[in-house]
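Notes follow the structure.
Just so you know, all these numbers are worked out from the coordinates, no wet-lab data involved. What you are looking at is a predicted structure, and each value in this text was computed from that prediction instead of being measured. Here the Cβ positions follow ideal geometry from the backbone for every residue, glycine too, while neighbour counts run over all protein chains shown.
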Amino acid sequence: MFIDTHAHLNYPDIAKNIDDVLARARDAAVEAVIIPATTYKTSIEIIELAQKHEMLFAAVGIHPTELKDFEESHLGKIEELAGESKVVAIGEIGLDYYWEPYDRDLEILVITEQLRIAKRCGLPVILHNRKSTDDLMRIVKEEYEDGKLRGQFHSFSAGPEEAKECIEMGFYISFTGNITYKPNEGTYIAYDIVKNTAAEHLLLETDTPYLPPMPYRGKQNEPAYVKHTAAKIAELKEMSVEELGRITTENAKRLYGI
Ligand SMILES: [Zn+2]
């Protein structure tokens, strides 16, 4: 019934218990999980993991906070890996102006090249945005011009205007467990976006191991907990969690071809 579109299951603490984690996910009605990569090296690990477990799918790509060991040649390698079986997306890629120091020009070069790789390979992208909304929207719009770019804005953190623009371009948006936390200014913006966005444009995700939904805040997140985030979103949309699960699962299958 659910697809967790974003879980870093390759992280050592989770990978060592992968069979248990996946069993709990299946018990919680999670039928598939997408694992986004953060570097060229993790892209290889994740493909191996996905090829070993039927319910897992891989994204390959270089994350904006993981550019310390970046080499230009990694981009060509990512493009090669994109052809492996079980690879369904380029991600996670994006911009991050939160963790200092950051190299804005390098981040922009790396995301732009990866958006083009995605278009050449016919794959969707998984986008990360932290304190970089203006640059990210500008770059995505530029690369979208030829109409081949599609994907997901994961852990959506921009405003209602940007949400509308993303959806007009055919992108999907998703929220993590922090939408279940005690309401604050950011949560109220997310509530409004969820209420004003048709379920046909939403995806579910955990961002495992980060941002677990209530009542697991402070613990390690895992795909089984996606139902708690789904319950909150269904409540906001005044629909049943089954209906939300069904629609968002169809969305994920359509976007990622799984
Ligand atoms: Zn992530």
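Taking amide H atoms as placed 1.01 Å from N in the peptide plane, the amide H of N221 lies under 5 Å from those of Y210, each 5 or more residues away in sequence or on another chain. In straight-distance terms, cross-link reach from K253 covers every one of the lysines whose alpha-carbon lies under 25 Å from its own, apart from those fewer than eight places away in the same chain; here that gives K52, K86, K119, K141, K148, K164, K195, K227, K232, K237. Taking amide H positions as modeled 1.01 Å from N, with prolines and chain starts lacking one, the residues under 5 Å from G91 and 5 or more places away or on another chain are A37, V60, G61, I126.
Remark: the chain carries a charge dipole of roughly 580 debye about the Cα centre, counting +1 on each Lys and Arg Cβ and -1 on each Asp and Glu Cβ. About the centre of its Cα atoms, the stretch 8-118 shows a dipole size close to 300 debye [charges on the beta carbon of Lys, Arg (+1) and Asp, Glu (-1) only; nearest 20 debye]. Comparing A82, G122, Y172 along the charge dipole axis of the stretch 2-256, the residue lying farthest to the positive side is Y172, per the Cβ-charge model. In terms of other Cβ atoms within 10 Å, L204, L236, L123 run from fewest to most in the order L236, L123, L204. The alpha carbons of the chain stretch over 46, 41, 34 Å along the principal axes, in descending order. Listed from fewest to most Cβ neighbours within 10 Å, the set T206, T176 follows the order T176, T206. The Rg/Rh ratio for the stretch 56-140, using Cα coordinates for both the radius of gyration and the Kirkwood hydrodynamic radius, is 0.95.
Test of understanding: given the chain, find the longest segment containing no trypsin sites (Lys or Arg not before Pro) that are in a DSSP loop and have at most 15 other Cβ atoms within 10 Å.
149-216
Between the residues L211, H154, A23, the greatest Cα displacement towards the positive end of the dipole of the chain, with unit charges on the Cβ of Lys, Arg, Asp and Glu, is found for A23. Rounded to the nearest Hz, the phi-derived 3J(HN,Hα) couplings of the stretch 121-138 under the Karplus curve 6.51 cos²θ - 1.76 cosθ + 1.60 (θ = phi - 60°) are 8, x, 10, x, 10, 10, 9, 10, 9, 9, 6, 9, 4, 4, 5, 5, 5, 4, where x marks glycine and proline. Considering only GluC sites (Glu not before Pro) in DSSP loops that have at most 12 other Cβ atoms within 10 Å, the longest stretch of the chain without any of them is 146-237.
Between the alpha-carbon centres of the stretch 33-90 and the stretch 176-219 there is a gap of 25 Å.
In this structure, the amide hydrogen of F2, modeled 1.01 Å from its nitrogen in the peptide plane, lies closer than 5 angstrom to those of V30, E31, counting only residues at least 5 positions away or on a different chain.
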